[in-house]
Amino acid sequence: MKPKPASSPLRRFLRGLTNTCLLLLLPVQLTLCWIANLDHPTKLPDFLTEKVAAQLAEQGLRLQARNYWMLPDLTLAADDLSLGVDGITGDVFTAARVEIALNPTLLLAGQIEPTQVRLSGARLWCPASVARGGVRRPLIDTLTVDVTKEGRWLNLRSIQARGGKITCHLSGEVPTGLLRAGKQGEAKIPLARRLAEAFTAIETAVDVAERSGGASVSLRCQGSSDGSAELAVQAVLGNDWTDGGLGLIQVRGLHLRGTVKVAADGRIDDWRLDGGAQAMAWRTLSAERLDVHARGKGRSEDTVAELTLAQAKVPGLDLRRVRLEARPVSGGGSRIDFQVHSAASMASGAATLGPDGAVTATIRQALVSGEELSAQPEVGRLLQAAGVDLRGEILLREVAAEVSAKGGLVRASGEVSVSGFRGLGLSAEAISPDKALPLRTRFDFDPSRADAPLRLRDLRIASITGSADCELQAGGAFKLHLNGEIAPPSLDRVLGEWWVSLWQMMLIRENPYAIIDVESHWGAMTSVTKGRVLLNRFDFLGAPFRHVEISIDADPKHTFIGLHRLSGGDSEADGSIDGSASWDWSKPLALAGPVVRLEGNLQPWIAARCAGKEFGEALRGLSLPVDRRFALLLTPGAKGPDIKTSIECAGAFSAWGVSGKSLQADTENIEGGLRVRAKLGLAEGEARLTLDGDLLHETKVALALKGCDPAQVGQLLNDLSGTQSKDTPVPAKAATAGKLDLDFAGRLDLEKPRLLKGLGHYSLTDPELKKVRLLGGISKVLEVFGVGATTYELSQAKGSFGCVGGRVYFPDLAVTGPQARLDLAGEIDLQASTLDFEGDFSLPRKAGFNPLDLINLNRALVSLTKIKVNGPISKPETSAIPTMKDIIKSQKNSSLGKIPDGIQE
């Protein structure tokens, strides 16, 4: 006898399960045959309904009914049925009667396939956990369904629904494949979540219809011989809105028309929806006209929806037209292309909405009105806090922005051009008044950069280029790098008080070229600044200059300005200096600065212009050689700036046509004017000059001359007194053998130099001072034949003098020679350029008694001779022949040359 083959436990289990099913199927079939032969409904046993409810509970569904019936035509019926879903509170569906007809043949074969579904008294409920008001409410008040399955078609005999003021009617034929389409992938989303989303959409539609006066939706399905069907949809919304809508979208007079083509397998081949509304309002957005167009195919990626709003409004902005075109993108989310037009602005671009709610937007091109943008409350406050004024237009290109799911701006970048920009005193008009140029830059905004969320690159405003790194909140930090030709006042608010003080000392004729790095805070009047400025043709402290390069190093505590190759005057011969200007902001503003230090080979007249234009022009006649050294120190004082200068020149120079050498001069301002101390070699001698007071008006003057050439000194005084015009060439005078010593102290008004006042004394030694001929022309004839008995040489003069009222008084002019002496008294009228002198000529007596002197003709003539000199200074008339009138009666003027008493004061 052969042994039985071994069998596995799995085979034994399957064999037993099959035998059990066959044993159970036979009683079920016998029961169905018995029910079919009855002529009245049969109530299903409780154990069977409980078994079905338990199976559904395992799938997350809660099914309850008052009674379950099996009708003679094998239709399964239920009374007072309710259905709930795990995760959602309360029942979501209730019906007074539900009937589901089953295919008898398949049922006897053990398969369940509905052939007809009838609902009456059905209602769809929105649970409290989903409802907008937090209270359970009906979404569909009345639902009646009668659907049969006939081969490959579902015959929609009648489907009618009413929810509030919205009614819906559906009829026609659709392919049975529609029931199987779209199931794949839905299982990934929990049923409770899918129902909650559906309930929210239905509730919104019901509320919109409720507040707009009602709505009607009609759907008609028409089958084709190829198994496909076309669904026509028409919806009409009322035109009466009764309340605010609890944040709902408000639509009036909405009309929708659409078609859907369904394939035999249930796939949607093509669909289209078109509609419009008379008015729309949603949150802060409203529009007078709404147009909707949507189309698609079987795939969701092929869906395109277009929304057009006319005469739309948002707070602070009126939009003439808004066009949105939305379509899904692979990976989830959707892309929205937009075009927005207002009265003065337009923008076009696209925004991509991610599955997590994040937005990535691109603005291809936008032209925005600065006035409209500033009218936005949040933008206006931000611009005001940053000190920015937008008056023109803003052009945006290739802008990319990222917005988080919470609505925060993550990043933005692109190119912007702004006309009419004004910020921190910067504007195209202020920088280049003759050039109407916009601000252009590339920007990159990233809030995660704490130090510089906003970066501007390739920045150009008028003639300035550069970059900027800045924060956007009020008082935030910013960094600027600027270079280009700039009008200095345009940076007053950016650079602060030191910049204003610097340019107050200058009068510019050409805008400087600057390279500047600035670190500061919005609204602050202080900054940290470094840079260089190139400047041509300007006045500094009132003096003309041709060129300078300025270095800048400034912070809130100190400011240092370096002056490099500060070239003054009209040409290279006028010299240049180097120096600095500094401010100490820890001191009071009046004493903070500037402290100016200059040193170089600048001509004196340029430095003198710092004290006044007239003073500088008066010193143009002083020309120093290239070895000159000039230094200036300017410090702030309580009553004004203190200025000290020094000039040194070891070589020869020219002063108003008079040669000089070895000049040393120092100046400093004093109360009421300026103090000048000068020492120099002048007119083959030495001169010392001291001036104290207002150089342009009356000042104290002290002059000392030692061993000077009188001819050259006379030429110098003639130039200073103004007897020659500026255009008259100065004739060169040959040096003489004369020597002049002079000391003078008094007061001088440079505006009226001939009205000087003061006292002095002098001593002149000159071999060719004067020849006195007692017999006039006869003496000249005698000199030709070698007889000089009537001619005497005079070689030395000395005396004192006083000046007042435009006249010079000489009370004791003594002119002496080896054999004669001339005592004169007289006056010189400096205003009329005339002189009047009168004196006596005498011969010195020899020691002892000489009887021949009694009969000496010359001595007799000399004792009777009166010397008179008068007439123009340039060509005076001299008479030295004794006249009978002088012999008979002397007419000497005793007051001539007498110094008035007032000079002593």
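The values are calculated or read from the model by the stated rules, or taken from the named source; none is laboratory data. All figures in this text were calculated on a predicted structure; none of them were measured in a lab. Quick reminder, even Gly has a Cβ in these numbers, built from the backbone with ideal geometry, and neighbours come from all protein chains shown. These area figures cover heavy atoms from the full protein model, side chains too; ligands, DNA and RNA do not enter into them. Shrake-Rupley method; radii C 1.70, N 1.55, O 1.52, S 1.80 Å.
Just a few scattered comments:
- V236 meets the conditions (1) part of a strand (DSSP E or B); (2) at pLDDT below 85; (3) of a type in the set (A, V, I, L, M, F, W, C); (4) within 26 Å of V130 (Cα to Cα) in every case but one. The failed one is (4).
- Any hit, region 296-319, residues being over 27 Å from L254 (Cβ atoms) and assigned to a helix (DSSP H, G or I): yes
- The set of residues in region 64-92 that are open to solvent by 40 Å² or more (accessible area, probe 1.4 Å), part of a strand (DSSP E or B) and either closer than 24 Å to V130 by Cβ or modelled with pLDDT of 90 or more (or both) comprises Q64, D80, L83, D91.
- Looking only at region 146-178, and only at residues there that are surrounded by 15 or more Cβ atoms within 10 Å (Cβ to Cβ) and acidic (D, E), the one that is modelled with the highest pLDDT: D146
- Qualifying residues in region 583-598 (those that are open to solvent by 40 Å² or more (accessible area, probe 1.4 Å) and not charged (D, E, K, R)) - the one nearest to the chain's Cα centre (by Cα): W585
- Qualifying residue in region 21-44 (condition: open to solvent by less than 60 Å² (accessible area, probe 1.4 Å), among the β-branched types (V, I, T) and at pLDDT below 75): yes
- L589 at pLDDT 85 or above, of a type in the set (A, V, I, L, M) and more than 22 Å from A487 (Cβ to Cβ): no
- Residues of region 648-700 that turn out to be modelled with pLDDT of 80 or more and in contact with a His (Cβ under 9 Å, 6 or more places away or on another chain), as a count: 0
- Residue check for R609: at pLDDT 85 or above and either on the phi < 0 side of the Ramachandran plot or open to solvent by 20 Å² or more (accessible area, probe 1.4 Å) (or both): no
- Looking only at residues of region 251-281 that are among the small types (G, A, S) and assigned to a strand (DSSP E or B), we find that the one that is surrounded by the fewest Cβ atoms within 10 Å (Cβ to Cβ) is G276.
- Contacts under 9 angstrom Cβ, first residue in region 733-754 being under 13 Å from A687 (Cα atoms), partner assigned to a loop (DSSP other than H, G, I, E, B) and at pLDDT 70 or above, 6 or more apart: K739/E684; K739/D709; L740/A683; L740/D709; F744/L756
- The listed residue being loosely packed, with under 15 Cβ neighbours inside 10 Å, at pLDDT below 80 and farther than 15 Å from G333 by Cβ, out of G370, G380, G387: G380
- T284 open to solvent by less than 60 Å² (accessible area, probe 1.4 Å) and hydroxyl-bearing (S, T, Y): no
- The residue pairs whose first member lies in region 403-417 and is farther than 19 Å from R449 by Cβ, whose second member is part of a strand (DSSP E or B), and whose beta carbons are closer than 6 Å, counting only pairs six or more residues apart or on different chains, are E415/R397; E415/E398; E415/R442; S417/L395; S417/R440.
- Residue in region 327-346 that is modelled with pLDDT under 85, buried (at least 16 other Cβ atoms within 10 Å of the Cβ) and either among the acidic types (D, E) or not in a helix (DSSP H, G or I) (or both) present: yes
- Residue in region 638-648 that is open to solvent by 40 Å² or more (accessible area, probe 1.4 Å), of a type in the set (S, T, N, Q) and touching a helix residue (DSSP H, G or I) at 6+ places or on another chain (Cβ under 9 Å) present: no
- For region 556-580, the set of residues classified as part of a loop (DSSP other than H, G, I, E, B), at pLDDT 85 or above and open to solvent by less than 70 Å² (accessible area, probe 1.4 Å) consists of G575 only.
- Test for S576: is it polar (S, T, N, Q), under 23 Å from R609 (Cα atoms) and out of contact with any strand residue (DSSP E or B) (no Cβ under 6 Å at 6 or more places or on another chain): no
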